[in-house]
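Structure, as structure tokens:
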Amino acid sequence: MSGGSGPLPYSMRDVGAGGAYNNAKFRHRSRLKIVLQSLATNSSKYRCGKFTVGKFLSLLMVSGLLYLFLHKSPEGLVPDELLGKEVNNNNVRRAPNIRTFWRKPPRLPPRLPPNEIYKNNSLLQQSPSEWTSRQKKVKEAFEYAWSGYRNYAMGYDELMPLSHRGTDGLGGLGATIVDSLDTAIIMGADDVVSEASRWIEENLMKRISEKGQVNLFETTIRVLGGLLSAYHLSGGDHAGSVDSGIPASYKMANPERLLEVSKDLADRLLLAFTSSPTAIPLSDVILRDRTAHAAPDGLSSTSEASTLQLEFSYLSRVSGDPKYDREAMKVLEHMRTLPKVCFLPGTLALGATKGITKKKALENNLLTDEDIENLQLAEDLAKTCVEMYFVTSTGLAPEIAYFHIEGNQEGGPDGGYKSNKYVNDIIIKPLDRHNLLRPETVESLFVLHRITEDPKYREWGWQIFQAFEKHTKVDSGGYSSLDDVTSLPPHRRDKMETFFLGETLKYLYLLFDESNTLPLDKYVFNTEAHPLPVMRSVEQASHSV
């Protein structure tokens, strides 16, 4: 980074070698002391005949001693109040004493830069009731988003909140409904659970048999993943209410019907694997024809192909049919032979502690030096991610950002929030200023808070949620993407992505959760934030017992 702001993720300029702030840097000095220090420093410049500054100071010291002798108390040279003795002050009016003039001002706390204040956890310790209140507001936002979808787009893939209609951009399988179901179960939004599960039971099988082309990746993570997660949380594999932490009183869906629909959809999607001439599946499936084909350019995304194993492996486990797992795992076997490109804060943190807290991992000596380095890197990356939000006028991140690297002459517009210390370091180009209500940053904040237990991640998440509420909420219902996060008021883009309900609000809700719902050592979230239980081998299970 260049410029006067210092490098991201944060500056350590005011931290001493021991890692603590030097309070003396922030302590006020008295005016008299400033004058005396100035005179002493420049004594050669201030002479009046032979009366030097040194002699003046000596005379001043002698005068002070005489004052003490003339005003000495029966106990000694120093007055009682300077010794801390108890003195009867009734009806006594004391004249100012020497202590009045020489007394040091009170010790002040360090003045931390705005972004460093989060390092002092005591400044952020909100009461549990406060976080419960904030969690409730996230639930209200979810129900508000659902109301807009239900009123104007029920059965369509996505809501267009400004034009009050629906659109099918994901194959016409009611993607928002399926994507939202497990979020509603987790939050205890019973009305949404009832409406969503009823639509799935009555309509989704028919849609799958009639619809045309769908993308393998998007359909697997949003629809198949959503169905399987709701199946588990509803008690379909007899474990949903045991480890999840979700109260049994919450409304659940019909697990048998969810599994039936899941198998029908997966059987059709599996053709992308079995029809491919390589270990990498084809990108698209024609559901009604039960055929698959490659993308027009013939290319496949490695990140997409290698994220499908979770859903298909879990389906094999609960259905008893190994074909889903067998085909999906061929991709990973092939991937092991290829170079490997990707780092994310939440992924690094999970890899370091395996989902348990950092404190517990340290107490049990479970972290290697590499784990500790990866965890620190995860925290640094998360800090950089949130600054992409805080550097803009709206407090919401752009779709793409660049960094002004020292020595690189490439420039560009900043985020628009002039008081942010990184405003000149993060470059946002005109075509990249849109925000699609994405979840990736709050996902990492959720994971890092669970692992580090540092309250700063909750505070950052709360600021992001407030920015969503302020700039993306639509009066008639739902939330809208933005065209430009650097201008106020921002121009809105007429679309509410399914992942706003399925991921963004879910992660925010869990970030503010006080009961450790869906513990990270027992659950893994798929690419679309649908939680599925960690599957242990027989050997692992027996070892843990």
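The values are calculated or read from the model by the stated rules, or taken from the named source; none is laboratory data. Model, not experiment: these values are computed from the prediction. Virtual Cβ from ideal backbone geometry, glycine too; neighbours counted across all protein chains shown. Accessible surface areas use protein heavy atoms only, side chains included; no ligands, DNA or RNA. Shrake-Rupley method; radii C 1.70, N 1.55, O 1.52, S 1.80 Å.
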Next on the checklist: With the requirement that a residue be farther than 21 Å from P439 by Cα, open to solvent by 60 Å² or more (accessible area, probe 1.4 Å) and touching a residue at least 40 places away in the same chain (Cβ under 8 Å), what does segment 302-322 give you?
Outcome noted: R317
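Listed here are the residues, each with its yes/no results for (1) surrounded by fewer than 24 Cβ atoms within 10 Å (Cβ to Cβ); (2) farther than 16 Å from R317 by Cβ.
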{"residue": "R222", "(1), (2)": "no, yes"}
{"residue": "G226", "(1), (2)": "no, yes"}
{"residue": "D243", "(1), (2)": "yes, no"}
{"residue": "N254", "(1), (2)": "yes, yes"}
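Here's the yes/no breakdown for (1) at pLDDT 95 or above; (2) in a helix (DSSP H, G or I); (3) small (G, A, S):
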| site | (1), (2), (3) |
| --- | --- |
| T278 | no, no, no |
| A295 | no, no, yes |
| L299 | no, no, no |
| R317 | yes, yes, no |
| D321 | yes, no, no |
| D325 | yes, yes, no |
Checklist entry - Would you say L437 is out of contact with any His (no Cβ under 7 Å at 6 or more places or on another chain), modelled with pLDDT of 95 or more, open to solvent by less than 20 Å² (accessible area, probe 1.4 Å) and not in a helix (DSSP H, G or I)? => result yes
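Listed here are the residues, each with its yes/no results for (1) touching a Gly at 6+ places or on another chain (Cβ under 9 Å); (2) modelled with pLDDT of 95 or more; (3) aliphatic (A, V, I, L, M).
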residue: G395; (1), (2), (3): no, yes, no
residue: F403; (1), (2), (3): no, no, no
residue: K418; (1), (2), (3): no, no, no
residue: V423; (1), (2), (3): yes, no, yes
residue: I426; (1), (2), (3): yes, no, yes
residue: P430; (1), (2), (3): yes, no, no
residue: T441; (1), (2), (3): yes, yes, no
residue: L445; (1), (2), (3): yes, yes, yes
residue: L448; (1), (2), (3): yes, yes, yes
Item to check | Members of segment 178-237 found to be more than 29 Å from A292 (Cα to Cα) and polar (S, T, N, Q), listed by number | outcome: T183, S194, S234
Checklist entry - In the set S444, S476, S487, which member is open to solvent by 20 Å² or more (accessible area, probe 1.4 Å) and either basic (K, R) or touching a helix residue (DSSP H, G or I) at 6+ places or on another chain (Cβ under 7 Å) (or both)? => result S476
Checklist outcome for this item: Of (1) touching a strand residue (DSSP E or B) at 6+ places or on another chain (Cβ under 6 Å); (2) of a type outside the set (D, E); (3) surrounded by fewer than 23 Cβ atoms within 10 Å (Cβ to Cβ), A467 satisfies every one except (1)
Checklist entry - In the set L510, L505, L482, L520, which member is under 21 Å from E311 (Cβ atoms) and open to solvent by less than 10 Å² (accessible area, probe 1.4 Å)? => result L510
Checklist entry - Taking into account only those residues within segment 228-241 that are in a helix (DSSP H, G or I) and either modelled with pLDDT under 95 or aliphatic (A, V, I, L, M) (or both), which is surrounded by the fewest Cβ atoms within 10 Å (Cβ to Cβ)? => result S241
Checklist entry - Filter segment 301-315 for residues that are within 21 Å of Y523 (Cα to Cα) and not in a helix (DSSP H, G or I); which is modelled with the lowest pLDDT? => result S306
